[in-house]
1. Using the structure shown, select from K11/K385; K96/K284; K56/K249; K109/K266; K11/K75; K56/K97 the pairs with a Cα to Cα distance greater than 31 angstrom.
2. How many Å³ per residue does the convex hull of the Cα positions in segment 68-217 occupy?
3. Hey, what do the phi angles of segment 22-29 turn into as Karplus ³J(HN,Hα) couplings, whole Hz, using 6.51/-1.76/1.60 and θ = phi - 60°, x for Gly and Pro?
4. Take the Cα atoms of segment 2-258, find their three principal axes, and give me the spread along each one in whole Å, biggest first.
5. In terms of modelled amide H atoms, which long-range or inter-chain residues lie less than 5 Å from the amide H of A133?
6. Roughly how much of S247 is accessible, in Å² to the nearest 10, using a 1.4 Å probe?
7. Which sequence of T114, T406 reflects their accessible areas, 1.4 Å probe, from the largest down?
8. What per residue convex hull volume, in Å³, comes out for segment 1-137 when only alpha-carbon positions are used?
Amino acid sequence: MRIYNTLTHRKEDFVPIEEGKVRMYVCGPTVYNLIHIGNARPMIFFDTVRRYFEYKNYEVNFVSNFTDVDDKIIKAANAEGVDSSVISERYIEECKKDMAGMGVRPATKHPKATEEIDGMIKMVQNLIDKGFAYEVNGTVYFRVRAFRGYGKLSGKNLDDLKSGNRTLLVTGEDEKEDPMDFVLWKPKKEGEPSWPSPWGDGRPGWHIECSVMSQKYLGETIDIHGGGEDLVFPHHENEIAQSEANSGKPFAHYWMHNAFLNIDNKKMSKSLGNFFTVRDISEKYDLQVLRFFMLSAHYRSPLNFSADLMQAAKNGLERITTCADALRAYAGDQEKGGAKQPELETYREKFEAAMEDDFNTADAISAVFELVKYANTQLAAGCEKDEALLALALLKELCEVLGINTEVKKDTLDAEIEALIEERQAARAAKNWARADEIRDLLASRGITLLDTKDGVKWKKA
Ligand code: AMP
Ligand code: ZN
């Protein structure tokens with residue numbers, strides 16, 4: 001398996017620290033609002049990475065945090081006149097609902113920053129003791145110059161950064177030894193949540209959270225650390241500095257970053273007003289469509305969100321589920337384990353080759369479409385039922401890796417049509433022919449034809 005490593009700028013063979021096991025950490029959302037579809041991209045992608053490792057029989061320990069102490073959460077809490085925890089707990093619950101809708105499985109562990117403060121204080125103290133951090137007026141800073149590897153992930157050079165940040169020196173940050181030094185612990189302000197510490201009451205900086213939670217739940221060195229590409233600098237650069245200064249060991253072997261999701265070819269942002277939450281999308285589409293759309297591009301390519309592309313994703317997904325339905329209708333849905341069919345295995349091989357090449361989900365989906373085409377041809381030719389069962393089992397297995405359920409819920413339109421058909425049946429049973437005819441006409445006006453068959457009423461869209 002090859003993975004593109006942001007740290008080395010190339011694809012590398014994946015060699016786990018411990019055979020058969022993967023330890024991965026993905027930076028989770030700051031919970032002050034409903035998650036947006038940009039946040040959904042790393043969630044869906046890294047869930048797929050985890051699923052693929054599990055398909056390859058790895059045991060995956062997957063940790064993803066909730067940042068539940070932050071300026072934006074405090075601002076939202078003050079606006080509503082409630083405690084920060086009311087805001088963060090509310091949006092953690094909402095986030096979990098969106099994740100379930102998108103087929104994103106809960107991580108092995110979802111630590112919350114506010115429950116890990118003791119560990120943060122310990123790491124900050126250790127960094128001070130080792131000369132990597134210092135305290136000024138209740139604020140603790142990381143001394144970037146003391147950590148030799150600073151800049152190795154982002155490729156940034158401290159002297160260039162310093163000249164770019166000269167203005168900071170005149171804006172009140174002169175208590176820092178170096179303008180690039182970053183905050184590990186900040187003193188309490190009125191109306192903000194705080195915890196006691198050796199440096200006075202205060203709260204942790206953002207970067208230290210992930211270093212501490214990753215180390216606690218996964219160990220000092222992990223296999224994979226992931227997140228969106230905006231996190232490379234400063235967040236991940238700072239995580240590396242803190243963790244490696246603290247332990248003296250490499251922090252993560254592979255750094256994976258997804259590219260951004262744009263809307264109508266523009267950066268998605270609140271100020272531009274081109275902003276969708278996952279909840280907004282769920283009102284128009286099954287969230288499986290959003291998932292399928294996200295996976296239709298390689299994770300390192302920017303992805304553009306538009307109504308046309310969502311429609312294309314919806315159609316693509318329907319091709320798959322329609323094929324699965326046809327296979328089921330033809331052969332039933334009993335388990336068909338063990339046997340392998342050589343032609344079918346070529347689609348599995350293509351799927352795996354794509355996923356092994358830095359998780360190329362776009363090519364993996366192409367392999368699924370090829371399988372669908374083959375299965376449809378087999379059905380049309382009146383294949384053996386066993387063959388249809390094998391094709392169905394493979395289709396389900398590969399879709400499961402992508403987090404796609406081949407048994408889609410009927411969309412709301414279908415449910416509405418079925419309710420009308422039931423009403424028509426009831427009208428006929430009650431010999432209310434006028435209402436029965438009225439419903440038939442209503443459905444006809446929507447392009448639905450009813451067929452009275454010996455197995456009951458069937459319908460089709462024109
Ligand atoms: P945040 O809540 O801003 O810390 O973001 C949580 C995760 O979502 C991080 O991994 C971000 O990199 C990622 N993210 C935020 N916006 C986007 C976007 N437009 N496209 C892709 N990933 C994003
Ligand atoms: Zn993080």
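The values are calculated or read from the model by the stated rules, or taken from the named source; none is laboratory data. This one's a predicted model, so the numbers in the text were calculated from it and none came from an experiment. As a convention, Cβ positions derive from the backbone with ideal geometry for all residues, glycine included, and neighbour counts pool all protein chains shown. The accessibility values were calculated without ligands, DNA or RNA, using every heavy atom of the protein model including side chains. Shrake-Rupley method; radii C 1.70, N 1.55, O 1.52, S 1.80 Å.
1. From the list (K11/K385; K96/K284; K56/K249; K109/K266; K11/K75; K56/K97), the Cα-Cα distance tops 31 Å for K11/K385; K109/K266; K11/K75.
2. 153
3. Karplus-based 3J(HN,Hα) across segment 22-29 equals 10, 10, 10, 10, 10, 5, x, x Hz.
4. The Cα atoms of segment 2-258 stretch 52, 45, 31 Å along the principal axes, largest first.
5. Here the answer is I128, R143, since their amide H atoms fall under 5 Å of that of A133.
6. Result for S247: roughly 30 Å² accessible.
7. Output order, biggest surface exposure first: T114, T406.
8. 164
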